[in-house]
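The values are calculated or read from the model by the stated rules, or taken from the named source; none is laboratory data. Given the structure is predicted, the values throughout are model-derived calculations rather than measurements. Note that we place each Cβ from the backbone using ideal geometry, even for glycine, and neighbour counts take in every protein chain shown. In case anyone asks, the SASA skips ligands and DNA or RNA and just uses the protein heavy atoms, side chains included. Shrake-Rupley method; radii C 1.70, N 1.55, O 1.52, S 1.80 Å.
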Amino acid sequence: MHRVEHVMGLPVSLRIEGAGRGADADAVAAADRVFAWLREADARFSPFLPDSEVSRLDRGEVPADGLSPDLVEILELCERYRVESGGAFQVRLPGRGLDPCAVVKGWAVQRGAELLRAAGVSVFCLNAGGDVVVAGRPWRVGVRHPERADRVCAVVE
């Protein structure tokens, strides 16, 4: 089965292999859970939604000891990447405030892959705007050229 939905401001595709011709009910249910999770992550962590936990934290409406464990994990990852990149990665962008989107999408896709595995899906490709998780067989993933969007600069197996 192959499904594409618009989540987090971009198309997210999920391909599950091994489902029957009409996409068996287990595969459909697993896909439903993954897309529901991605929509939940977007609602909770988007700096563009005024009611998200990230937006409320940025406005000082959520105390540091009142953060969800997931947001604590994301902020810890952001700090780790800031340190490891020598400050090149920043979670607070000039003029925009707190914006963990660069970490959230990949983190949420990894969690989506965990949901698929927990549901017994063993062969899949989950792609959210270049954050890709594959499992179950050799896959070839094209990497778009950073300066020429109509070109592939590498293929990773």
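A few comments on the model shown:
- A27 being among the small types (G, A, S), modelled with pLDDT under 95, open to solvent by less than 20 Å² (accessible area, probe 1.4 Å) and closer than 22 Å to H2 by Cβ: yes
- Among the residues making up region 68-98, those that are open to solvent by less than 30 Å² (accessible area, probe 1.4 Å) and out of contact with any Phe, Trp or Tyr (no Cβ under 9 Å at 6 or more places or on another chain) are S68, G87, G97, L98.
- Among the residues making up region 114-132, those that are in contact (Cβ under 8 Å) with a residue 24 or more places away in the chain and of a type in the set (G, A, S) are A119, G120, S122, A128, G129.
- Count of residues meeting criterion [in a loop (DSSP other than H, G, I, E, B) and among the aliphatic types (A, V, I, L, M)] in region 65-82: 1
- Residue within region 51-64 that is in a loop (DSSP other than H, G, I, E, B), in contact with a strand residue (DSSP E or B) (Cβ under 8 Å, 6 or more places away or on another chain) and open to solvent by 50 Å² or more (accessible area, probe 1.4 Å) present: no
- In this structure, V155 does satisfy being part of a strand (DSSP E or B) and exposed (fewer than 11 other Cβ atoms within 10 Å of the Cβ).
- Test: residue in region 99-111 that is in contact (Cβ under 8 Å) with a residue 40 or more places away in the chain, under 26 Å from E79 (Cβ atoms) and open to solvent by 60 Å² or more (accessible area, probe 1.4 Å): yes
- Filtering region 119-139 to residues that are closer than 18 Å to M1 by Cβ and in contact with a helix residue (DSSP H, G or I) (Cβ under 9 Å, 6 or more places away or on another chain) leaves A119, G120, V121, S122, F124, L126, N127, A128, V132, V133, V134, A135.
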